[in-house]
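First comes the structure, then the notes that go with it.
Every read-out reported here was derived from the displayed coordinates using simple, explicitly stated rules and does not represent laboratory data. Predicted model only: the values in this text are computed from it and were never measured. Please note: Cβ atoms are built from the backbone with ideal geometry, for glycine as well, and neighbour counts cover all protein chains shown.
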Amino acid sequence: MISCYQFKTIISRYIDKDISFQNRKSFEEHMDNCPGCKELYQLILGTKISMNQFSNVTVSDNFLENLKNKILTERNAQIEASLQKGFSFSRIPSFVYGFAAALVVVIIGFYLIELQPSFQSRQMPPQIVQEKIQKSSPGARQYQSTPPLLSQGQMAASESVSDSIGKSDDNLRQSQQDFQNKIKTVKEEY
Amino acid sequence: MKNSFKVTDEELIRRFQAGDEAAFEEIVGRYKNRLMNFAYRFVLDREEAEDIVQDTFLKVYQNRYAYKEIAKFSTWIYTITANLAKTILRKQRNRKLFYFSRLGPEDKDMDFPSKELSAHSKMEGKFDEQTIQRAIVKLPEHFRTAIILRDIQELSYEEISNIINAPLGTVKSRINRARLKLQEELMELRGK
């Protein structure tokens with residue numbers, strides 16, 4: 001005869017009729033001699049029968065309509081999501097904006113630095129011109145940052161300087177004229 | 001579970017896969033109440049059960065091509081429902097934990113009213129539906145699934161084995177242990 005423990009391990013198989021002939025005989029034999037196990041068997045069987053007779057829970061009347069709406073909503077959401085996959089500023093990570101701003105600042109900085117010498121070179125005559133001027137008129141002052149072509153005001157200033165050193169006006173004009181002519185010649189050569 | 005329809009479920013899903021929307025509606029008609037029953041016994045909440053069933057059909061609709069005819073359609077759809085029900089169950093459990101953690105000790109003295117068994121029922125070992133249902137929801141998740149599928153949905157051991165993805169022997173022993181555990185829970189409820 002089987003033990004109470006063994007009885008409990010095959011109780012469901014007996015109820016579901018999924019038991020061998022030998023086991024069924026042992027099971028029934030034990031049940032006849034063990035009131036506790038017999039009661040347990042009856043309780044399980046009774047509960048199983050009760051569960052079979054549970055009232056049916058059904059869906060609400062508008063179930064199908066709700067389901068169709070749900071399917072449509074999901075479909076629209078999917079379409080929207082796939083459209084958003086194209087391009088959107090909101091999808092760009094914030095660090096990219098910072099990086100782009102830094103790049104712009106660097107480019108502008110480089111541009112300004114590059115612009116600086118060309119601006120200076122417009123104010124000063126080329127090196128070769130400066131050298132020729134110096135060679136042709138040893139008395140002429142070397143240009144540093146002033147433009148080679150003197151304006152009327154500068155000419156007047158140079159005249160007053162000439163007066164102050166005691167030279168005559170004619171000589172001064174002549175020398176100025178010569179100087180201007182030499183500059184023109186050098187320019188043409190250049 | 002007997003299928004008395006002329007067109008099989010597998011044929012219907014094949015038609016649906018080919019673009020026949022009417023086949024999908026036929027599937028919904030066949031399974032909505034069966035699944036509702038299953039989901040309700042699982043979560044014991046009508047609204048949540050209906051949501052589970054809706055989500056099940058939504059998944060079937062969206063993943064229709066994922067079904068391959070290597071398993072029965074019923075097994076596939078029950079698997080989806082069972083998984084969704086388990087997810088809801090976990091959410092319910094978390095909600096309850098959160099709710100109870102916010103209560104004071106004096107608030108915790110709340111329980112469902114215990115239904116007295118009639119003398120006749122006590123003699124026959126029968127419990128009313130509500131009591132059994134309350135005992136079922138006290139079972140661990142794997143026992144609950146097994147016992148609902150077997151004793152309420154009346155699925156075969158093989159079908160349950162496919163749904164819960166466990167060997168046949170495991171299913172048989174799990175159902176046996178679930179029934180014994182259910183009796184323990186019922187005794188406890190009777191004692192209250």
Label-point separation (nm) for B:Glu21 and B:Glu141, each offset 7 Å from Cα along Cα-to-Cβ? 3.6
Based on the Cβ-Cβ distance from A:Ile113 to A:Glu189, what FRET efficiency comes out when R0 is 30 Å, to the nearest 0.05? 0.35
Counting only other chains, what is the mean number of Cβ atoms within 10 angstrom of the Cβ of each residue in peptide B:179-188? 3
Between beta-carbons, use under 14 Å as the cut-off and find the net charge around A:Glu131, counting Lys and Arg +1, Asp and Glu -1. +3
Cα centroid of the range B:122-192 to Cα centroid of the range A:1-66, whole Å: 10
Separation in nanometres of the label points that stand 7 Å from Cα toward Cβ, at B:Asn94 and A:Asp32: 5.6
Checked the range A:4-52 with the C-alpha gyration tensor, a ≥ b ≥ c its square-rooted eigenvalues, rounded below a/c of 1.5, otherwise prolate if a/b is larger than b/c and oblate if not; verdict oblate
Members of B:Lys59/B:Lys181; A:Lys68/B:Lys172; B:Lys6/B:Lys172; B:Lys91/B:Lys181 lying beyond 28 Å, as alpha-carbon distances in this model show: B:Lys59/B:Lys181; A:Lys68/B:Lys172; B:Lys6/B:Lys172
The summed charge of the B:Ala23 Cβ neighbourhood (under 14 Å; Lys/Arg +1, Asp/Glu -1) stands at -2
If Lys and Arg each add +1 and Asp and Glu each add -1, what is the summed charge of the other residues whose beta carbon sits under 9 Å from the beta carbon of B:Tyr157? -2
Would you calculate the separation in nanometres between label points at A:Ile49 and B:Ala71, each defined as 7 Å from the Cα along the Cα-to-beta-carbon direction? 3.5
What FRET efficiency comes out for the pair A:Asp178/A:Ile128, r = Cβ-Cβ distance, R0 = 25 Å, nearest 0.05? 0.75
Based on the mean of other beta carbon atoms within 10 Å per residue, what is the order of B:88-95, B:172-179, most packed first? B:172-179, B:88-95
Using a Förster distance of 22 angstrom, determine the FRET efficiency expected from the C-beta separation of A:Gln6 and B:Asn165, and round it to 0.05. 0.15
With a 10 Å radius around each residue's Cβ, average the other Cβ atoms per peptide and rank A:51-64, A:1-14, highest first. A:1-14, A:51-64
